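Asks: Please find one structure pasted underneath; my questions will follow.
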Amino acid sequence: MKLLKYFIFFAIIEGFLSFRCDRRPYGTTTKPSAADGRFKLTVIGAEDTYMPEQLYTVQISATDGHSRFTGFIISADGATKPDPRNPRRTITLFPGHLRPQQLLTAKFSDRCLYSVEHAIASPKTVVEVYWQAPESGNGCVTLRAMVVESEEVWYEDGPPLVHQLCEDTRQPDDATPQFNYDCQICDEAKYEIGFTGIWSRNTHPRLYPEKDWEPRYSDLVGASHALDHILWIPGSLASEGLRQLAEHANTSRLEAEIRAKIGDGVRTMVKGKGHGYPKMNSPTYSFVRTDKTNHLVSVAVGLHPSPDWFLGVTRFELCQEDNTWLPERELNLYPWDAGTDSGVSYESMNIETFPQDAISRVQMSSYDKDSPFYETDIKDLHPFGRLRIKLVRTYKKECVKEEVTEEANTTEEEVTSTTEVTTTETEPTGEESPSEPDEPSRYRYPELGGGEEGRSEAPIVTDPESPEECPMSQWQEWSECEGECTGGRVVGYRWRERYHLVDGIAVEKYDPHAKHTSTKEVPKYCKLHYDTFEREECEDKCSDDYSNEDLTVERQVSEPIAPGYPWQSKKRHASKF
C-alpha cells in the first residue's frame, strides 16, 4: 500500500513539473487566432544568442504602429535534457528571471512560472519587461508571448511571438583561455607587459567621479607562474592583498604575497607604475621571464575610487598548442568584483560584504539606477583598460633529457639527467644567437649591485636631489637598446628603474636572500608623484656577426674567476629572474 502511495505521489509531481501553464485570457471561450504579424516579441540587443547573467529588455510591440492590445503574458521556457538518475525522464533547465519594468503596466504572473502579465487591461501599442539571462550552462531559452487584442481575439505562439536564444559561448578578452597542460618548449622567453588605461569621463560618463583629479589606477602587479599557482581566479575568495588592491589601490600586500611565492610556483613578479590625473591614459610597462614550467601570467590593476573593483587577467596562457611562445596579444579589460565590498558605484560608501563573496564579474545590466552599469550590456561597454603582451626575445635552452640505465645484477633504475649547458638569446623571429654563459646574480655578489639577470647596476644610493619627504634612490643604469637588428642598426626602447626609500631601505626592491620581509610602506603621496620607471625610444649600432663575441664568451668560460670578485661580462640583454 505504501509503495502505491509513493508511486501516485511521484506521478503527480512529474505531471506538475511537465505541465505547461494555461495562458488563455481570463474568461475567454475562444481559441487563439493565427498570428498575423501585427504584434511582435523582440529581445532588445540580442538576436539569436544571449550572454549569461546579462539583463535584457523584452518588448511586445505593434509592427504597424497603430494596432493596440489590452493584455499579455510573457513566459520563459528552459531547455530539457535527460535526467541522469533516470534517462527515461527529462529535467527542465533554468530559463532565467522575468520581472516587470514598470509596476503600472506589468506584474508577476500568479498562474505561470517564470512569467509576467499585464497589470491593467488598458489599450497599448508597446510594453517592456526585464529578462535576466541564466548563468552559463543552461543552454537555449524560449521566450513566448500571448497577446490579447479583444475579448474574443487573442494570439499565442507563432514566429512573431516566439523568440529562442542560445548561450553565447564567446568570452570577453580577459576571460581565462585554454591551458596547455603539457608545454614542451625548451627555450625560455621574455615578455613585455604593457597596460594602458581607457577609463575616462568621455568613455564612461555615467556616474564618473565628479573630481577629475580623483580617479586613478593602482600599480600594475602580477606574476609569471606555473599551472598550480593561483594569484586570483573567478569563483574563489580574494586574498588580503587583492582586497587592498581592489578597495584602496594599495599593492604592497599583494606584492609581498607574490614575493613569498617566488621559486615556489612564481617565476617573475610583474610591477608597473600606476597612473592618475592627468596621465590616466599613459601606458605603463613591466617585463617577465617565462619557461616550460612557468608559462602563465596573471595581473591585476585596481580602480580608484571604487567599492572593490579591479581589472586584470588570470592564468593567461603563453605556451601555444604547437609548443611555440605566443608572439603578441592585446586584451580589452573589464571590471571584476573582489567580493569584499557591497557598494554599487564608484563613490559608494564602504559596505563590507559579510561573509566575503567570491570574485566575479562586476554586475552588468544592473537594476540599480545608482550603478554605472545600469541597463548596460558588457557587449556595449567600452573597456576600462587594455593589456598588451608582447614577446621580446627568447633564450635558447638545451632540453633536459632523462636516460634510464640498468646496472648489471641489480633491479634499480638509475635516472641520469643532462644539465642545461647553454643559454642563448634570440629574437622572436627564431634566429639563433651563439651560446653565452649566465652572468653572476647581484644577489650572490652584493658588491655588484646588479639589476636584471646579466645587467650590472650601481648599488642603491640616495638621490641627493630627491625631496626629504619622499627620498628616492638614484636612477639605475639604462638597459641595452632592445629591438630588431636591421641593417646594422637597432631601433627600439631602453628603460631604467629607481626605488622609493624608507629609512634608507628600498622596500619595494626584491631580494630573495633577505632574511625578513620589510613591513615598511611607501607613502601614497610619494607613489603618486614620483615615478620609479622610465622608458624611452633609442637607436644604437648592432651586428649579426657574433664571431668576436663568441671568442670573448669562450675566453670567459675557460678563465677562472678571481676569488671574491666575479668577472663582469658584456651582455646585450637584462632580466631580473
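Asks: Residues in the range 113-154 that are part of a loop (DSSP other than H, G, I, E, B), among the aliphatic types (A, V, I, L, M) and closer than 21 Å to residue 62 by Cα: how many? Spell out how you get there, then give the answer.
Replies: So the first thing to find is which residues in the range 113-154 are part of a loop (DSSP other than H, G, I, E, B), and the list is 113-114, 119-123, 125, 133-140, 149-153.
After this cut, where a residue has to be among the aliphatic types (A, V, I, L, M) as well, the list is 113, 119-121, 133, 153.
Restricting the remaining residues to those that are closer than 21 Å to residue 62 by Cα gives 119-121, 153.
Number of matching residues: 4.
Asks: Which members of the range 281-311 meet the condition of being among the hydroxyl-bearing types (Ser, Thr, Tyr) and surrounded by fewer than 24 Cβ atoms within 10 Å (Cβ to Cβ)?
Replies: Here is the first cut: in the range 281-311, the ones among the hydroxyl-bearing types (Ser, Thr, Tyr) are 282, 284-286, 290, 293, 298, 306.
Selection gives 282, 284, 285, 286, 293, 298.
Asks: Considering the range 173-206 alone, what residues qualify as being hydrophobic (A, V, I, L, M, F, W, C) and at pLDDT below 90? Even if it seems obvious, please write down each step before you answer.
Replies: Let us first name the residues in the range 173-206 that are hydrophobic (A, V, I, L, M, F, W, C), namely 175, 179, 183, 185-186, 189, 193, 195, 198-199.
Answer for the range 173-206, where residues must be hydrophobic (A, V, I, L, M, F, W, C) and at pLDDT below 90: 175, 179.
Asks: Right, something else. Output the number of residues of the range 199-227 satisfying the condition of being open to solvent by 30 Å² or more (accessible area, probe 1.4 Å) and closer than 26 Å to residue 373 by Cβ.
Replies: Initially, the range 199-227 is screened for residues open to solvent by 30 Å² or more (accessible area, probe 1.4 Å), giving 201-203, 205-207, 210-214, 216, 227.
Okay, now just the ones that are also closer than 26 Å to residue 373 by Cβ, so 201-203, 205-207, 210-214, 216.
So the count comes out to 12.
Asks: Can you pull out the strands (runs of 3 or more DSSP E) entirely within the range 23-83 that have at least 1 residues that are open to solvent by 10 Å² or more (accessible area, probe 1.4 Å), in contact (Cβ under 8 Å) with a residue 12 or more places away in the chain and acidic (Asp, Glu)?
Replies: Numbers: elements: 39-44, 55-62, 71-78, 80-83.
Passing ranges, in order: 71-78.
Asks: Residue by residue through the range 255-278, note down the ones that are closer than 24 Å to residue 348 by Cα and open to solvent by less than 40 Å² (accessible area, probe 1.4 Å).
Replies: From the range 255-278, those closer than 24 Å to residue 348 by Cα are 274-278; that's our starting set.
Correct list: 274, 275, 276.
Asks: Hey, any hits in the range 135-147 for a residue that's touching a residue at least 24 places away in the same chain (Cβ under 8 Å), of a type in the set (A, V, I, L, M, F, W, C), buried (at least 16 other Cβ atoms within 10 Å of the Cβ) and touching a helix residue (DSSP H, G or I) at 6+ places or on another chain (Cβ under 6 Å)?
Replies: Within the range 135-147, one or more residues are touching a residue at least 24 places away in the same chain (Cβ under 8 Å), of a type in the set (A, V, I, L, M, F, W, C), buried (at least 16 other Cβ atoms within 10 Å of the Cβ) and touching a helix residue (DSSP H, G or I) at 6+ places or on another chain (Cβ under 6 Å).
Asks: For the range 312-347, what are the residues that are open to solvent by 40 Å² or more (accessible area, probe 1.4 Å), over 30 Å from residue 287 (Cα atoms) and touching a residue at least 40 places away in the same chain (Cβ under 8 Å)?
Replies: 347
Asks: Tell me, which residue of the range 246-294 that is under 23 Å from residue 520 (Cβ atoms), among the charged types (D, E, K, R) and in a loop (DSSP other than H, G, I, E, B) is modelled with the highest pLDDT?
Replies: Result: 261.
Asks: State which residue pairs qualify: first residue more than 10 Å from residue 501 (Cα to Cα) and inside the range 458-475, second residue β-branched (Val, Ile, Thr) and modelled with pLDDT of 80 or more in any location, beta carbons under 8 Å apart, and separation of 6 or more residues or different chains.
Replies: Between residues of the range 458-475 that are more than 10 Å from residue 501 (Cα to Cα) and residues that are β-branched (Val, Ile, Thr) and modelled with pLDDT of 80 or more, the close pairs are 474/462.
Asks: If residue 352 passes every condition in (1) surrounded by 15 or more Cβ atoms within 10 Å (Cβ to Cβ); (2) modelled with pLDDT of 90 or more; (3) not basic (Lys, Arg) but one, which one does it miss?
Replies: In the conditions (1) surrounded by 15 or more Cβ atoms within 10 Å (Cβ to Cβ); (2) modelled with pLDDT of 90 or more; (3) not basic (Lys, Arg), residue 352 misses (1) alone.
The values are calculated or read from the model by the stated rules, or taken from the named source; none is laboratory data. The structure presented is a predicted model; accordingly, all values stated were derived computationally and were not measured. Virtual Cβ from ideal backbone geometry, glycine too; neighbours counted across all protein chains shown. Only protein heavy atoms, including side chains, enter the accessible area calculation; ligands, DNA and RNA are left aside. Shrake-Rupley method; radii C 1.70, N 1.55, O 1.52, S 1.80 Å.
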